[in-house]
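Visitor: Provided herewith is a single structure, encoded as structure tokens, for subsequent inquiry.
The values are calculated or read from the model by the stated rules, or taken from the named source; none is laboratory data. All of these numbers come straight from a predicted model, not from anything done at the bench. Because the Cβ atoms are built from the backbone with ideal geometry, glycine has one as well, and the counts that use them run over all protein chains shown.
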Amino acid sequence: MGWRLARTLLFVSALQFCADARSEIKIEIPEVTEAIQNNIRAYLSLTRYADRKDITPEVMSRLQRRIVSEARKGLEPLGYYEPEIKYEVSREGETWIVRIFVNPGRPVRLSEVNIQVTGAGAQARDVREVIAKQDLKPGLRLNHGAYEKLKDDLIRAAKNDGYLDAKLVRNELLIDRTARRATVSVDLETGERYSFGEITIVQDVVTDEAMRKLLRMKTGDPYTLDTLLRSQYVLDDTQYFQSVDIESQEPDRQARVVPMMVRAEPNRKHRYAISAGYGTDTKARGKFTWDNRRVNREGNRSKLELTGSDVVTEITGRYVIPVMDIALEKLEFTATIKEEELGDTLSEKAEIGAGLTQAFGRWQRVLFTLLSYEETTVPDAAGTGTDKSDAFLLIPGISFATLPSYITGGRARPYNLYAELRGSPSTFGSDASFLQFRAQGERIYDLSDVWKLNLRAQLGVSWVADFTELPASQRFFAGGDRSVRGFGLNELSPKDANGNDIGGENLATASIEIERILPRNFGVAAFYDIGNAFNSFEDPQFEYSVGLGMRYHIAVAAFGIDVAQPLSEPGRGPKLHLFISTVF
């Protein structure tokens, strides 16, 4: 009997131990802001034990005695120094339930905020922007996090701009709990600005002269983190190098210079790539690319591309000779054979060209000349066959475009612009004489942290005596992923007597899109598109549509899925669009 009783007691004890071993803690802090909840949880010992399975009544008793004092400490960084805190502890099955009831009370508010910057960098743009954007303003609730962030941001901004001896000579936070007010005093001394010292380069890929032209820094230039990052981006962008390491050496405090070490390893000389995909505009598509990244040590490059899809087949060869600022400027020769469906027309052309690309500040200019032989196929007037015409064209032109911000430096630019003027004068032997202006632009407005407004537009204007002489590739068409969504690629243009889309002399499209940013780089968007290709600005006959889309953003691009419903043509169903766009 005694043995049976002992075994029963041992079994009950084991069950109790197993139940205790599976116990965990659930913390609830109702009716307060998320910021208060997060701060209190961060200070609670309970939080560190929440997922443990060995919470016994003794452990819980020890932890709950700390709740009030730890919760008070969690509220002080948010400016609440006289809170009322109560709690209750219960148990539901194997889980401890801890409910903490918080009345934060009246907060301490900022009465004075004094920020002073002295030294050579007192007017540095980045430092001034930190001061302008900081969240410590008289009348606002005291936030210790904002105070610490201000100090860190001031030092970081000064040092990133080359003031490496910058330091806080005064940083005071004085709190009067009785009067519920606080005073902030922060004084930054920037010191003198440092410059780039000797730049040592270790590489055997291109000539030393070419390598130094690629760098965005020279000995004697002001030392800035932005310049280092731009140099890194440019070197990576050339694809000459497999890896690039730019290191700042120990600064010379007397001379106020920073020696630099640049090490680079060669990339594979030849790169072969095969890709396949599907797009709502092009349908199935594939591409083969052969890059010769280094024809010689001066940095000359060549590329061969073969592209095929349901609407276009193309083979293009390029030879690039870097000139002057070899990161941005080049002389490029091209040769292309291309067959492309444009609306209900077919363009078959062979083309050679040369272009000189030059950089002017934040703009890039291209001077180009094309020699083109093109055969255009259009439906005949009877609607039973086709008519063909050919044309030899000499096309000189000039274009301007904004350069990417990561190359030019400074903050990301919220707009992207491109404009081109081209023509084909018959006095130079061209079979067709015309002049064209093309432009497109995009502007992004940050309405708030989570709302963005995107405006996009395209414009094309032709001056031509006889439209029928204009080859298909020089005509304008609208519709598609980056045009008027809800309509197919190149579906919109003037029509012939049989209803075939044959292209227009002019083009105008516009889009307005508003996006709501979601967690994990996702977003949702609503948009309105309008536009068309047409022959006269007096009666353009615009088409328009509305739609919704999903977005996924990465550092340099956005991926989207749109569903657009045409409104200008009753009875048409919605159309799906997939696209990729780059960040400028």
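Visitor: Does ASP54 meet the test of being at pLDDT 90 or above and among the acidic types (Asp, Glu)?
Guide: No; evaluated as a whole, the condition is false for this residue.
Visitor: Which members of region 216-243 meet the condition of being touching a residue at least 40 places away in the same chain (Cβ under 8 Å) and more than 21 Å from GLY162 (Cβ to Cβ)?
Guide: Result: ASP237, THR238, GLN239, TYR240.
Visitor: Right, next: Does ASP165 fit the bill of being charged (D, E, K, R), at pLDDT 95 or above, part of a loop (DSSP other than H, G, I, E, B) and more than 25 Å from ALA179 (Cβ to Cβ)?
Guide: The answer is yes for ASP165.
Visitor: Let me ask another. Any residue at all in region 559-582 that's part of a loop (DSSP other than H, G, I, E, B) and touching a His at 6+ places or on another chain (Cβ under 6 Å)?
Guide: No, because not a single residue in region 559-582 is part of a loop (DSSP other than H, G, I, E, B) and touching a His at 6+ places or on another chain (Cβ under 6 Å).
Visitor: Continuing with this model, one more query. Pick from GLU94, GLU88, GLU84, GLU58: which is in contact (Cβ under 8 Å) with a residue 40 or more places away in the chain, surrounded by fewer than 17 Cβ atoms within 10 Å (Cβ to Cβ) and not assigned by TED's automatic domain parsing to the domain that holds LEU168?
Guide: GLU94
Visitor: Is it true that ASP446 is closer than 19 Å to GLU340 by Cβ and among the acidic types (Asp, Glu)?
Guide: Values: closer than 19 Å to GLU340 by Cβ: no; among the acidic types (Asp, Glu): yes.
Taking the combined requirement at face value, the residue does not satisfy it.
Visitor: Going through region 61-81 one residue at a time, which ones are more than 41 Å from the chain's Cα centre (by Cα) and either part of a loop (DSSP other than H, G, I, E, B) or in the same structural domain as ARG141 (by TED's automatic domain parsing) (or both)?
Guide: Answer for region 61-81, where residues must be more than 41 Å from the chain's Cα centre (by Cα) and either part of a loop (DSSP other than H, G, I, E, B) or in the same structural domain as ARG141 (by TED's automatic domain parsing) (or both): ARG65, ARG66, TYR81.
Visitor: A further question on this structure: Please go through region 196-217 and pick out each residue that is buried (at least 17 other Cβ atoms within 10 Å of the Cβ) and part of a strand (DSSP E or B).
Guide: PHE196, GLY197, ILE199
Visitor: For region 482-511, which positions are farther than 20 Å from ARG572 by Cα and touching a Leu at 6+ places or on another chain (Cβ under 6 Å)?
Guide: Listed by number, the list holds a single entry, ALA508.
Visitor: Only one of (1) surrounded by fewer than 16 Cβ atoms within 10 Å (Cβ to Cβ); (2) in a loop (DSSP other than H, G, I, E, B); (3) of a type outside the set (Asp, Glu) is not met by ILE326, so which one is it?
Guide: (1)
Visitor: Of the residues GLU70, GLU76, which single one is under 21 Å from GLY145 (Cα atoms), modelled with pLDDT of 90 or more, surrounded by 13 or more Cβ atoms within 10 Å (Cβ to Cβ) and in contact with a helix residue (DSSP H, G or I) (Cβ under 7 Å, 6 or more places away or on another chain)?
Guide: None of the other options fit; the residue is GLU70.
Visitor: For region 99-119, give me each residue that is surrounded by 18 or more Cβ atoms within 10 Å (Cβ to Cβ) and over 19 Å from ARG41 (Cβ atoms).
Guide: Result: PRO107, VAL108, LEU110, VAL113, VAL117, GLY119.
Visitor: Out of PHE368, PHE288, report the one residue that is within 30 Å of LEU576 (Cβ to Cβ) and surrounded by 14 or more Cβ atoms within 10 Å (Cβ to Cβ).
Guide: PHE288
Visitor: Being assigned to a loop (DSSP other than H, G, I, E, B) and of a type in the set (Ser, Thr, Tyr) is the filter here, so list the residues in region 218-257 that pass it.
Guide: Once the filter is applied, which keeps residues that are assigned to a loop (DSSP other than H, G, I, E, B) and of a type in the set (Ser, Thr, Tyr), region 218-257 yields THR219, TYR223, THR224, TYR240.
Visitor: If you don't mind, another one. Of all residues in region 87-129 being assigned to a loop (DSSP other than H, G, I, E, B) and charged (D, E, K, R), which is farthest from GLU76 (Cα to Cα)? Steps first, please.
Guide: Start the filter on region 87-129 by keeping residues that are assigned to a loop (DSSP other than H, G, I, E, B), which leaves 93-94, 104-108, 119-124.
Filter again for charged (D, E, K, R), leaving 94, 106.
Details: GLU94: 33, ARG106: 12 Å.
Looking at residues that are assigned to a loop (DSSP other than H, G, I, E, B) and charged (D, E, K, R), I get GLU94.
Visitor: For region 363-373, state whether one or more residues are part of a loop (DSSP other than H, G, I, E, B) and within 22 Å of the chain's Cα centre (by Cα). Lay out the reasoning, then the answer.
Guide: Taking region 363-373 first, the residues part of a loop (DSSP other than H, G, I, E, B) are none.
No, region 363-373 contains no residue that is part of a loop (DSSP other than H, G, I, E, B) and within 22 Å of the chain's Cα centre (by Cα).
Visitor: Quickly run through region 162-195 and pick out the residues that are touching a helix residue (DSSP H, G or I) at 6+ places or on another chain (Cβ under 7 Å) and crowded, with 19+ Cβ neighbours inside 10 Å.
Guide: Within region 162-195, ALA166, VAL184, VAL186, LEU188, THR190 qualify.
Visitor: Are any residues in region 317-363 more than 30 Å from GLY503 (Cα to Cα) and of a type in the set (Gly, Ala, Ser), and if so, which ones?
Guide: Those that are more than 30 Å from GLY503 (Cα to Cα) and of a type in the set (Gly, Ala, Ser): ALA327, ALA359, GLY361.
Visitor: Let me ask you something else. Which residue pairs have Cβ atoms closer than 6 Å, lie 6 or more positions apart in sequence or on different chains, and pair a first residue in region 279-300 that is touching a residue at least 24 places away in the same chain (Cβ under 8 Å) and farther than 30 Å from GLU340 by Cα with a second residue that is part of a loop (DSSP other than H, G, I, E, B) and of a type in the set (D, E, K, R)?
Guide: Cβ pairs passing all conditions: ARG294/LYS269.
Visitor: Under the condition of being more than 22 Å from LEU370 (Cβ to Cβ) and without any contact (Cβ under 8 Å) to a residue 40 or more places away in the chain, which residue from region 399-420 is surrounded by the fewest Cβ atoms within 10 Å (Cβ to Cβ)?
Guide: Applying the first criterion (more than 22 Å from LEU370 (Cβ to Cβ)) to region 399-420 yields 402-417.
Pick out the ones that are also without any contact (Cβ under 8 Å) to a residue 40 or more places away in the chain and you get 411, 414, 417.
On the way: ARG411: 10, PRO414: 14, LEU417: 15.
Looking at the filtered set, the residue picked out is ARG411.
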